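Down below is the structure, laid out as structure tokens.
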Amino acid sequence: MKIDALLFDFDGVLIESEYAGNRQLAAWLTAAEHPTTPEAAMEQFMGYAGADFLARIEAYIGREIPADFHAARAVEDARVMAEGIEAVAGAVAFVRGLSADLPKAVVSSSSTRWIRRHLDHIGLADAFGEHIYSGREHVTRGKPAPDLYLFGAARLGVPIERCAIIEDSPVGATGAVASGGYVIGFCAGAHCGVGHADRLRAIGVGAVASDFPEVTRLLA
């Protein structure tokens, strides 16, 4: 197939934020008398954002989210916004190695403020131009709906069928596959444990890559 554009998820694809974020979430849940490991938190909540994320937390604890949850998340967010989060291995070189003429966008459940801050931290502040799209800001239905991928492709002016989508989470992969794009299930992040690739394959991704050189080979 001919690939005319690339759509990137962000957390877990370009930066190593998934494990750290779910470790903090698991610690809060455990302190709130819902013992949870980081791995269990990732299975339950990874890929969700906004109202969908909060609804899953409430269902998990069986009550409304208390105020101290939001306070704890705000403290953690402030810390990582100040310190920055490192890139996934090979991410910067991969993006910098792409042709300047290849349309590309970030399509993430995170806020555009979060995305831009960490792109700046890893040295990719200029790489995507205006094409940074958030599931909580640019579409009504976030992941696992396909809307964000379709929105990103439309903004790039490329039919989704000619876009490759790099996704690491099962929630994201579900929406990406539903969009009709060519989905590469990405398993390079620190959060990708045993069986992660199999979960992505079961969702129906077109291929699985364990690192960015493998993505390059798949797109060649």
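Evaluate the following for Ile115: is it assigned to a strand (DSSP E or B) and closer than 20 Å to Ser17 by Cβ?
no
Only one of (1) surrounded by fewer than 21 Cβ atoms within 10 Å (Cβ to Cβ); (2) under 26 Å from Met81 (Cα atoms); (3) in contact with a helix residue (DSSP H, G or I) (Cβ under 8 Å, 6 or more places away or on another chain); (4) touching a residue at least 24 places away in the same chain (Cβ under 8 Å) fails for Asp147. Which number is that?
Condition (2) is where Asp147 drops out.
Val215 passes all but one of (1) part of a loop (DSSP other than H, G, I, E, B); (2) out of contact with any Gly (no Cβ under 7 Å at 6 or more places or on another chain); (3) modelled with pLDDT of 95 or more; which number fails?
(1)
Scan (1) buried (at least 22 other Cβ atoms within 10 Å of the Cβ); (2) within 20 Å of Phe94 (Cα to Cα) for the single condition Gly135 breaks and write down its number.
All conditions are met except number (2).
In the list Ala190, Ala207, Ala127, which residue meets the criterion of being touching a residue at least 40 places away in the same chain (Cβ under 8 Å), in contact with a helix residue (DSSP H, G or I) (Cβ under 6 Å, 6 or more places away or on another chain), closer than 27 Å to Ala93 by Cβ and among the aliphatic types (A, V, I, L, M)?
Going through Ala190, Ala207, Ala127 in turn, the sole match is Ala190.
Name the residue that is surrounded by the fewest Cβ atoms within 10 Å (Cβ to Cβ), counting only residues in segment 84-127 that are among the hydrophobic types (A, V, I, L, M, F, W, C) and more than 28 Å from Arg141 (Cα to Cα).
Checked segment 84-127; the qualifying residue surrounded by the fewest Cβ atoms within 10 Å (Cβ to Cβ) is Ala100.
Can you name the condition, by its number, that Arg73 falls short on among (1) at pLDDT 90 or above; (2) closer than 17 Å to Gly21 by Cα?
So the condition that Arg73 fails would be (1).
Taking segment 3-33, which residues are in contact with a strand residue (DSSP E or B) (Cβ under 6 Å, 6 or more places away or on another chain) and charged (D, E, K, R)?
Asp9, Glu18
Condition check ((1) touching a Gly at 6+ places or on another chain (Cβ under 9 Å); (2) within 15 Å of Asp9 (Cβ to Cβ)) across all residues:
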position	(1), (2)
Ala91	no, yes
Ile115	no, yes
Phe128	no, yes
Leu150	yes, yes
Ala153	yes, yes
Gly195	no, no
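Restrict the check to segment 125-144 and report whether at least one residue is in contact with a Pro (Cβ under 9 Å, 6 or more places away or on another chain) and either outside the structural domain of Val183 (by TED's automatic domain parsing) or farther than 26 Å from Thr36 by Cβ (or both).
Yes.
Name the one entry in Val75, Val92, Val80, Val107 that is touching a Leu at 6+ places or on another chain (Cβ under 7 Å) and assigned to a helix (DSSP H, G or I).
From the options Val75, Val92, Val80, Val107, the qualifying one is Val92.
In segment 118-134, which residue that is aliphatic (A, V, I, L, M) and assigned to a loop (DSSP other than H, G, I, E, B) is nearest to Ala153 (Cα to Cα)?
Only one residue fits best here, namely Ala127.
The values are calculated or read from the model by the stated rules, or taken from the named source; none is laboratory data. Model, not experiment: these values are computed from the prediction. For neighbour counting, all protein chains shown are included, and Cβ atoms are generated from backbone atoms with ideal geometry for every residue, glycine included.
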